[in-house]
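The values are calculated or read from the model by the stated rules, or taken from the named source; none is laboratory data. Since the structure is predicted, the reported quantities are computational estimates derived from the model, not experimental observations. A quick note on method: Cβ atoms are made from the backbone with ideal geometry, for glycine too, and the neighbour counts reach across all protein chains shown. Side chains included, ligands, DNA and RNA excluded: accessible areas come from the protein's heavy atoms. Shrake-Rupley method; radii C 1.70, N 1.55, O 1.52, S 1.80 Å.
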Amino acid sequence: MRPLVLAVPLVLLASAPASAQPAGPKNGIKITWLGHAAFEIVSPGGTNLLIDPFLKDDPATPADRKDLSKYKPAAILVSHAHPDHAADAVAIAKSSGAKVISTFEWVSALPIPDGQKQGGNVGGTFTVGDVTVSLVPAMHSSEPGRPLGFVLKFSDGRTLYHTGDTWIFGDMALIQEIHKPTIILMNSGGGPFTQAPAQAALALKKYFKPKVIIPMHFGTFPGLASEADVIKAYGKDKRFTLMKPGESRTF
Ligand SMILES: [Zn+2]
């Protein structure tokens with residue numbers, strides 16, 4: 001049974017001054033793939049955001065990125081409650097003091113101080129340093145709450161879309177119309193749970209016009225799409241950027 005929650009805030013805003021963040025890559029967006037759906041994003045203004053931290057037990061996460069105490073994000077964004085996205089969120093929130101952004105129902109139940117809980121829902125927006133984080137739908141499951149994707153808008157006007165776990169769905173057209181993602185971190189994992197690489201490639205062709213496409217959520221476990229499957233599906237698309245877990249790139 002779902003807890004009875006009546007006091008859902010209508011305006012979902014949180015802010016932290018950009019000056020509180022360490023200096024970031026000059027005019028660039030630094031993206032580090034930590035394996036599976038986990039990414040560390042550093043904005044042009046130096047705001048550090050951690051998305052879907054599944055690190056300690058992720059076989060794809062390099063050993064030197066498994067020490068959770070080293071992560072000092074301003075916010076942790078969790079697309080949904082499944083352990084391959086949320087496993088290390090509480091530990092990092094506790095060690096770093098970072099805010100946790102996800103669905104209201106899930107965030108409200110976390111064993112962290114209330115001041116770090118940033119629960120929202122589809123259509124909601126948060127401000128973290130110089131980044132605006134918008135919550136968008138994903139076609140998946142999650143309990144409690146619901147699955148999300150995230151769109152990050154940076155001060156230079158560029159946008160980054162992390163799809164979360166999803167299948168191709170028609171409202172991706174609205175995500176394009178409203179947010180016009182410049183960089184897409186695209187679920188391409190296939191297997192029993194999410195869209196296969198070919199469906200991910202179809203979604204990109206049908207709905208989006210990004211400059212950079214970074215596939216994710218593949219190769220982590222047996223049964224998921226392999227790197228070769230992903231390369232085959234994306235073909236010779238010049239926007240396709242294949243990263244390795246632990247690798248950083250600045251765009
Ligand atoms: Zn997943």
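Laid out as a table, the results:
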item	result
Lys/Arg +1, Asp/Glu -1 at C-beta; the chain dipole; positive extreme among H179, S79, G246	H179
Sequence-distant residues sharing a close amide H with G129 (under 5 Å, placed H)	A16
Dipole of the stretch 156-251 [Lys/Arg +1, Asp/Glu -1 at C-beta], most positive-end residue of F169, P210, Q195	P210
Length-normalised contact order of the stretch 180-245 in % [C-alpha pairs under 8 Å, at least 6 apart]	37
Value at 222 nm in deg cm²/dmol, rounded to 500, when DSSP H runs of n ≥ 4 in the chain each add -39,500 (n - 2.57)	-4500 deg cm²/dmol
The chain - percent of accessible surface contributed by carbon and sulfur, probe 1.4 Å	58
Partners for K117 among aspartates and glutamates (Cα-Cα distance below 12 Å; same-chain residues under 8 apart left out)	E105
Partners for K56 among aspartates and glutamates (Cα-Cα distance below 13 Å; same-chain residues under 8 apart left out)	D64, D67, D84, D88
Most mobile listed residue (A228, A89, A203) in the chain, GNM with C-alpha springs under 10 Å	A228
Inter-part distance where the stretch 83-143 and the stretch 144-164 are each reduced to a Cα centre, Å	12
Relative contact order, percent, the stretch 57-208 [alpha-carbon distance under 8 Å, six or more residues apart]	15
Among S79, S102, S69, residue whose mean-square fluctuation peaks in a GNM of the chain (springs only between Cα atoms under 10 Å)	S69
Of G120, G170, G46, the one that fluctuates the most in a GNM where the chain has Cα springs shorter than 10 Å	G170
Square roots of 5 times each gyration tensor eigenvalue, C-alpha, the stretch 70-136, largest first, Å	17, 14, 11
Cross-link table K30/K211; K206/K244; K180/K206, entries beyond 19 Å C-alpha to C-alpha	K206/K244
